[in-house]
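Colleague: Submitted below is the structure of interest, expressed as structure tokens.
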Amino acid sequence: MSGGSPRDSKNERGGTTRESPDDARNQFRPEDHDNDHFILTTIVGSYPKPKWVDRSRELYEDPDADFDEDAWEEAQNDASRLITKEHERAGLDVVVDGEMRRNEMVEYFAHRISGYEFNGPVKVWGHNYFDKPSVVTDVEYDETWLVDEYEFTSEVADRPVKVPITGPYTLASWSFNEAYDDEESLAYDLADLVNEEIKKLVESGARYIQIDEPALATTPDDHAIVGECLERIADGISVSGANGGQSDESDAVPEDVYLGLHVCYGDYSRIYPEMLDYPVDEFDLELANGDYEQLDVFRDPEFTANLALGVTDAHTAEVESVEEIKENIKKGLEIVPPEQLTVSPDCGLKLLPREVAYGKMANMVQAAREVEAELDSGEIDVRNAPVSADD
Ligand SMILES: [Zn+2]
């Protein structure tokens with residue numbers, strides 16, 4: 001395409017947006033992207049596992065079955081390759097392996113962090129059980145958590161790969177604490193471990209890291225604790241961030257690391273605008289499920305970070321039409337200009353039937369491309385996007 005780039009539309013707005021988060025985000029724009037505008041499309045992380053993956057795990061865990069470590073590894077590699085390619089086929093700009101290697105968002109990490117112990121499953125809801133781990137000694141980092149996963153996925157992917165990591169606040173909240181005076185000090189120690197892991201991931205080439213903190217939505221008064229966790233996570237990692245960000249040149253970490261935070265199913269008015277002080281580039285928020293009733297929360301003060309807006313509901317097994325998703329994307333444009341907008345499903349899609357999950361992704365990508373074309377042609381007026389008062 002000739003003509004303007006998304007940067008031009010930013011300049012028309014008087015350059016009110018920050019420079020660096022856009023730079024970090026634009027590295028994910030595909031070279032063959034057709035439209036001048038670019039609304040980044042991605043998914044939160046988890047995706048329905050093919051039934052044979054769960055069956056393989058059962059066989060692997062059954063000492064009587066003839067299914068060894070190599071067979072299990074092969075099954076996970078096959079699943080990871082399959083789902084990464086499924087994301088690419090749907091057209092996503094940034095893909096994930098669907099977390100095929102992770103059984104559960106806390107358990108997976110607890111198995112790799114020294115200080116954790118497992119004492120059997122506890123009932124969480126209905127007939128569902130969760131193998132809730134206990135922290136029995138100070139937590140320590142002794143092996144990488146996701147570097148192998150990232151290296152495999154980025155090897156098979158033709159598109160950039162996002163790495164979702166369960167955040168320290170959620171890891172602390174959803175564990176039994178038998179070692180620390182309080183959950184807060186446990187969360188801070190875990191945040192330091194997440195920081196170590198991210199540095200290893202960045203060394204391996206990862207540039208898009210998403211911290212998942214669903215526990216924040218259920219206990220929003222703890223937003224200051226999550227803020228301190230994120231400061232520790234971003235320490236030494238050059239993140240542009242809504243507040244001007246952190247950087248530590250001595251660490252020589254590339255400046256294009258893009259850090260996101262996913263928070264879902266809660267009352268955002270209890271963490272906004274305080275969350276804008278977090279050192280992250282992007283907030284990934286679930287709003288489709290609540291029919292955008294919470295959108296007003298983000299109008300004032302101005303949303304200064306990038307917004308990854310949930311535009312398809314992860315809790316309904318019905319594929320929204322392209323038209324409906326386009327309307328949802330336009331709601332995002334009421335909060336941020338196009339160059340600050342990413343779209344994704346509300347939350348992980350793993351509980352949906354696989355063909356429904358795929359349909360949601362494919363329609364979301366088509367909707368984003370159509371909205372971009374309408375922005376290019378001027379059919380969509382972005383004047384509702386916030387402009388700072390002193391502009
Ligand atoms: Zn979520």
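Colleague: What are the residues in the range 107-156 that are out of contact with any helix residue (DSSP H, G or I) (no Cβ under 8 Å at 6 or more places or on another chain) and of a type in the set (Ser, Thr, Tyr), if any?
Modeller: Tyr108, Ser114, Tyr129, Ser134, Thr137, Ser154
Colleague: Given the conditions (1) at pLDDT 95 or above; (2) out of contact with any Ser or Thr (no Cβ under 9 Å at 6 or more places or on another chain); (3) surrounded by fewer than 21 Cβ atoms within 10 Å (Cβ to Cβ), which single one is not true for Gly45?
Modeller: (3)
Each row is one residue, and each column tells you yes or no for (1) of a type in the set (S, T, N, Q); (2) surrounded by fewer than 20 Cβ atoms within 10 Å (Cβ to Cβ); (3) at pLDDT 95 or above; (4) under 17 Å from the mean Cα position of the chain (by Cα).
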{"residue": "Arg299", "(1), (2), (3), (4)": "no, yes, yes, no"}
{"residue": "Val311", "(1), (2), (3), (4)": "no, no, yes, yes"}
{"residue": "Lys330", "(1), (2), (3), (4)": "no, yes, yes, no"}
{"residue": "Gln340", "(1), (2), (3), (4)": "yes, no, yes, yes"}
{"residue": "Pro345", "(1), (2), (3), (4)": "no, no, yes, yes"}
{"residue": "Gly348", "(1), (2), (3), (4)": "no, no, yes, yes"}
{"residue": "Ala362", "(1), (2), (3), (4)": "no, yes, yes, no"}
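Colleague: Let me ask you something else. When the range 309-336 is examined, which residues are found to be in contact with a Lys or Arg (Cβ under 6 Å, 6 or more places away or on another chain) and either assigned to a helix (DSSP H, G or I) or closer than 17 Å to Leu40 by Cα (or both)? Don't jump to the end; show me each part of the working.
Modeller: Step one: filter the range 309-336 for residues in contact with a Lys or Arg (Cβ under 6 Å, 6 or more places away or on another chain), giving 312, 319.
Once the filter is applied, which keeps residues that are in contact with a Lys or Arg (Cβ under 6 Å, 6 or more places away or on another chain) and either assigned to a helix (DSSP H, G or I) or closer than 17 Å to Leu40 by Cα (or both), the range 309-336 yields only Thr312.
Colleague: Here's something else I'd like to know. Condition first: at pLDDT 95 or above and among the aliphatic types (A, V, I, L, M). Now tell me which residues in the range 203-223 satisfy that.
Modeller: Hits for the range 203-223 are Ala206, Ile209, Ile211.
Colleague: Being at pLDDT 95 or above and within 11 Å of the ligand (Cβ to nearest atom) is the filter here; which residues of the range 262-285 pass it?
Modeller: Hits for the range 262-285 are His262, Val263, Asp284, Leu285.
Colleague: Sticking with this structure for a sec: Looking at the range 192-208, which of the residues that are within 12 Å of Thr166 (Cβ to Cβ) and among the aliphatic types (A, V, I, L, M) is farthest from the ligand (Cβ to nearest atom)? Break it down stepwise before answering.
Modeller: Within the range 192-208, the subset within 12 Å of Thr166 (Cβ to Cβ) is 193-194, 197.
Applying the additional criterion that residues be among the aliphatic types (A, V, I, L, M) yields 193-194.
Working: Leu193: 21, Val194: 17 Å.
Top of the filtered list is Leu193.
Colleague: Condition test on Asp97, is it in contact with a strand residue (DSSP E or B) (Cβ under 8 Å, 6 or more places away or on another chain) and not aromatic (Phe, Trp, Tyr)?
Modeller: Yes; evaluated as a whole, the condition is true for this residue.
Colleague: Separate question: Quickly run through the range 125-155 and pick out the residues that are more than 21 Å from Tyr47 (Cβ to Cβ) and loosely packed, with under 14 Cβ neighbours inside 10 Å.
Modeller: Trp125, Gly126, His127, Tyr129, Thr137, Asp138, Glu140, Asp142, Glu143
Colleague: Within the set of pairs 6+ apart or on separate chains, which have a first residue in the range 332-349 that is closer than 8 Å to Leu307 by Cα, a second that is among the acidic types (Asp, Glu) and more than 10 Å from the ligand (Cβ to nearest atom), and C-beta atoms under 7 Å apart?
Modeller: That search, which allows pairs on different chains as well, returns Thr342/Glu282.
Colleague: Which of the residues spanning the range 317-354 are more than 16 Å from the ligand (Cβ to nearest atom) and of a type in the set (A, V, I, L, M, F, W, C)? Write out each step before concluding.
Modeller: Restricting attention to the range 317-354, the residues satisfying the condition of being more than 16 Å from the ligand (Cβ to nearest atom) are 317-341, 353-354.
Across the range 317-354, the qualifying residues are Ala317, Val319, Val322, Ile325, Ile329, Leu333, Ile335, Val336, Leu341.
Colleague: Right, here's the next one. I need the full set of residues from the range 175-207 which are over 17 Å from Ile113 (Cα atoms), in contact with a helix residue (DSSP H, G or I) (Cβ under 9 Å, 6 or more places away or on another chain) and either of a type in the set (D, E, K, R) or buried (at least 18 other Cβ atoms within 10 Å of the Cβ) (or both), in order please. Explain how you work it out, then say what you get.
Modeller: Step one: of the range 175-207, the residues over 17 Å from Ile113 (Cα atoms) are 181-182, 184, 202-207.
Add one more test, that the residue is in contact with a helix residue (DSSP H, G or I) (Cβ under 9 Å, 6 or more places away or on another chain), and what stays is 184, 203-207.
Listed by number, the residues that qualify are Glu184, Glu203, Ala206, Arg207.
Colleague: Can you go through Ala357, Ala362 and tell me which one is hydrophobic (A, V, I, L, M, F, W, C) and within 16 Å of the ligand (Cβ to nearest atom)? Steps first, answer last, please.
Modeller: On the way: Ala362 fails: within 16 Å of the ligand (Cβ to nearest atom).
Result: Ala357 is the single residue among Ala357, Ala362 that is hydrophobic (A, V, I, L, M, F, W, C) and within 16 Å of the ligand (Cβ to nearest atom).
Colleague: While we're here: Which residue pairs have Cβ atoms under 7 Å apart, sit 6 or more places apart or on different chains, and have a first residue in the range 98-109 that is among the hydroxyl-bearing types (Ser, Thr, Tyr) and a second that is modelled with pLDDT of 95 or more and surrounded by 19 or more Cβ atoms within 10 Å (Cβ to Cβ)?
Modeller: Going by the 7 Å Cβ cut-off, the qualifying pairs are Tyr108/Arg102.
The values are calculated or read from the model by the stated rules, or taken from the named source; none is laboratory data. Small disclaimer: the values here were computed from a predicted structure and weren't measured. In this analysis, Cβ positions are derived from the backbone assuming ideal geometry, glycine residues included, and neighbour counts consider all displayed protein chains.
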